[in-house]
Amino acid sequence: MHWGEWDKRDLLPSIPMTEPSGDSGKRSRPVAVPVLALVTLTAVGIAALLGGFDERPATPPPRLKAGQSLDMGKFEARFIESKVTTEPATSQFTEDKRFLDVVFKVTNKTDETLVVGSPPNDKSPGYSFGGALLKMTPQLKSEFGGQLFVLSKDVKSSQLHPDVPATVIARYELEGTATPPEQVTYDVGAYEEMENPLTGVVTWLLPSEGGFVGKAEVKKVAATVTLPVKQEGTS
């Protein structure tokens, strides 16, 4: 055979396979299958195994409303209400301040006293109970983000004692004459106990989704909670 008579397909390595024959008395004749085809089929199988071609919609998290509760693993939280409150000026040189307050009843389910933490903002993912308040819609613009505190008999603190239901306030300052929203919605996470396989240490963590095959890692939403905002002067 001359060099010019080569077919380009002859350059692909082949794997012998058996061609079926209707005559059981005859030997099977090998059939050439390009390796490239097998590689393609293998890639398709792996992608399907990883869920790359699975377009089934994920089950949405449960939707909760005022008065309902959620087991958040490390905490138990009941979502009470959202309201606009006013803090009077302390002197003639200051002005009244308006806030949107979201009220929770939170129980620390661990055996130790915990800080209430802070909700996420542009600079921090938040931590403790506050870290489980993954996202608030609409996001209220303020200089320092939301403030989280425990309120007991008009005294503010940061501590959640074990098995003691506590009133927790997430407070967001309303800038100037900003109009409060009619309602707020939280994406809420739930802590899970996870063991470090190297050290055996068990830690409460918020589980994540994604983080592979080109998908960004995001915290898993356990529930969405929508609360109407009570305007000033309403009950």
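The values are calculated or read from the model by the stated rules, or taken from the named source; none is laboratory data. Bear in mind the structure is a predicted one, so any value in this text is a computation, not a measurement. Here the Cβ positions follow ideal geometry from the backbone for every residue, glycine too, while neighbour counts run over all protein chains shown. Only protein heavy atoms, including side chains, enter the accessible area calculation; ligands, DNA and RNA are left aside. Shrake-Rupley method; radii C 1.70, N 1.55, O 1.52, S 1.80 Å.
Counting only residues that are of a type in the set (Phe, Trp, Tyr) and free of Cβ contacts under 8 Å to residues at least 60 places away in the same chain, the stretch 159-185 holds 0 of them.
With the structure loaded, tell me whether Lys156 is open to solvent by 40 Å² or more (accessible area, probe 1.4 Å), of a type in the set (Lys, Arg) and assigned to a loop (DSSP other than H, G, I, E, B) or whether it fails that test. Judged against the criteria, Lys156 is not a match.
Residues in the stretch 132-146: is at least one modelled with pLDDT under 90 and over 22 Å from Pro181 (Cβ atoms)? The answer is no; no qualifying residue exists. Does Leu134 satisfy the criteria of being under 17 Å from the mean Cα position of the chain (by Cα) and open to solvent by less than 70 Å² (accessible area, probe 1.4 Å)? Here the answer is yes, as Leu134 does meet what is asked. Within the option set Gln147, Gln183, being more than 16 Å from Ala77 (Cα to Cα), surrounded by 15 or more Cβ atoms within 10 Å (Cβ to Cβ) and within 25 Å of the chain's Cα centre (by Cα) holds for one residue only, Gln147. Here is the figure for the stretch 62-79: residues that are open to solvent by less than 50 Å² (accessible area, probe 1.4 Å) and part of a strand (DSSP E or B) total 5.
Right, Ala32: surrounded by 10 or more Cβ atoms within 10 Å (Cβ to Cβ) and modelled with pLDDT of 50 or more or not?
Numbers: surrounded by 10 or more Cβ atoms within 10 Å (Cβ to Cβ): yes; modelled with pLDDT of 50 or more: no.
Spelling it out, it is not the case that Ala32 is surrounded by 10 or more Cβ atoms within 10 Å (Cβ to Cβ) and modelled with pLDDT of 50 or more.
Among the conditions (1) aliphatic (A, V, I, L, M); (2) open to solvent by 40 Å² or more (accessible area, probe 1.4 Å); (3) assigned to a strand (DSSP E or B), the only one that Val164 does not satisfy is (3). Once the stretch 114-131 is narrowed to residues that are among the polar types (S, T, N, Q) and modelled with pLDDT under 95, the residue that is most open to solvent (accessible area, probe 1.4 Å) is Asn121. Only a single criterion out of (1) more than 17 Å from Thr226 (Cα to Cα); (2) open to solvent by less than 80 Å² (accessible area, probe 1.4 Å); (3) not aliphatic (A, V, I, L, M) is not satisfied by Asp111, namely (2).
Look at (1) outside any loop (DSSP other than H, G, I, E, B); (2) open to solvent by 20 Å² or more (accessible area, probe 1.4 Å) and you find that Glu95 fails only one, number (1).
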